[in-house]
1. Return yes when residue 70 is over 30 Å from residue 409 (Cβ atoms) and at pLDDT 95 or above and no when it is not.
2. Could we say that residue 328 is under 18 Å from residue 253 (Cα atoms) and away from the ligand (no atom under 16 Å from the Cβ) here?
3. Among the residues of segment 198-215, what is the count of those that are assigned to a strand (DSSP E or B) and away from the ligand (no atom under 16 Å from the Cβ)?
4. Report, by residue number, each residue of segment 411-426 that is crowded, with 18+ Cβ neighbours inside 10 Å and farther than 18 Å from residue 177 by Cβ.
5. For segment 124-157, which residues satisfy the criterion of being touching a helix residue (DSSP H, G or I) at 6+ places or on another chain (Cβ under 7 Å), touching a residue at least 40 places away in the same chain (Cβ under 8 Å) and either surrounded by 14 or more Cβ atoms within 10 Å (Cβ to Cβ) or closer than 15 Å to residue 76 by Cβ (or both)?
6. Is it true that residue 189 is more than 16 Å from the ligand (Cβ to nearest atom) and assigned to a strand (DSSP E or B)?
7. Just one of the numbered conditions (1) more than 16 Å from the ligand (Cβ to nearest atom); (2) touching a residue at least 24 places away in the same chain (Cβ under 8 Å); (3) surrounded by fewer than 23 Cβ atoms within 10 Å (Cβ to Cβ) is not true of residue 112; which one?
8. Here are 334, 340: which of them is more than 16 Å from the ligand (Cβ to nearest atom), assigned to a helix (DSSP H, G or I) and surrounded by 14 or more Cβ atoms within 10 Å (Cβ to Cβ)?
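The values are calculated or read from the model by the stated rules, or taken from the named source; none is laboratory data. What you see is a predicted model; the values in this text were computed from it and never measured. Note: ideal-geometry Cβ built from the backbone for every residue, glycine included; neighbour counts use all protein chains shown.
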Ligand SMILES: [Cu+2]
């Protein structure tokens, strides 16, 4: 944002914070009927002490478990994320680790460019939250090096509307359920901007990762009379400089407890009818065997497939990457692509301005790490960009602008994990006629 922005020495390494015990959040409202499950053995506790454990039972009986930690380089980090839908005897590991991997903010006039995580003090800017900012939830104290304890981690639940609805063919019965999400979030202030880092875990197995930008426009960037900004004050005055927020996340999948995974890319080609008739669509699967810088495209998607775990239908478990709206920023090699799959290396943690030591002369951005290695333990990098052309409404404070993506379960369970007991037999082609 400006040279007056907080600058900190590069401080690699992660510091565990001491926090208050996180209780599970009380649930209100009726839960839908869940599929009858045999009495399951008590799951092993997550591999972290109680102070860093998050566990939440949601509608239908789905339980999410994870460990959290806090780093002044990355902010909030979630580890050992497991999903246990009703009917599963044990938690299913989804992610070994998930976190932000950079927020790159270049201004349109070329006069400023920031790496908010590793170059502008994101992690030190953790904000304290009042109970009203974490409705119905628990605020946990986070120890931030050089800053002290901050009541900065919110864990709560939020209604998301219908989980499903289905009317019976006859008899008027309706199966319907209302869903609830577990939300885990922090707010970090960088200069005048404030970023809400939000993780959302749904009872149907979906994970949402979003960053919400709010706070204030940079007060030193109101000089865009060169056509690269927007007038925010009265008349033709106070042109706020346009800029981009390129947000990167890094995901280390651990499906069914293994960091080995296979990446698949799917593309569908639509052929309009030559004469009469109907359009047809052909979908092809490409296994991504080597590191890839991938570009989002209409009717293209990727999934991370477990090499070990299968659901009860015998299908390999996987998670699909579902990007939200993005402005792909062509200005830097690392912002040019929407997703990167790299063979995991411990020193490769930030999409740009990587502050860890990968050896003498080693490149420090994710695009360079895509160099032909065979993908066996893929690290998944998601880049969602927002080109911010300011508007009058951005004062004051700036309304929250969200950008992010989802991870959707694909064959993790053999059926809808929330299937009511009386529909549990409807797996596969339905019975025809009567
Ligand atoms: Cu902005």
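1. On the way: over 30 Å from residue 409 (Cβ atoms): no; at pLDDT 95 or above: yes.
No.
2. Working: under 18 Å from residue 253 (Cα atoms): no; away from the ligand (no atom under 16 Å from the Cβ): yes.
Taking the combined requirement at face value, the residue does not satisfy it.
3. Initially, segment 198-215 is screened for residues assigned to a strand (DSSP E or B), giving 198-202, 207-215.
If we keep only those that are away from the ligand (no atom under 16 Å from the Cβ) as well, we get 198-202, 207-209.
Adding up the residues that qualify gives 8.
4. 411, 412
5. 144
6. Numbers: more than 16 Å from the ligand (Cβ to nearest atom): no; assigned to a strand (DSSP E or B): yes.
No: the conditions fail for residue 189.
7. Unmet condition: (1).
8. Details: 340 fails: assigned to a helix (DSSP H, G or I).
When all the criteria are applied, what remains is 334.
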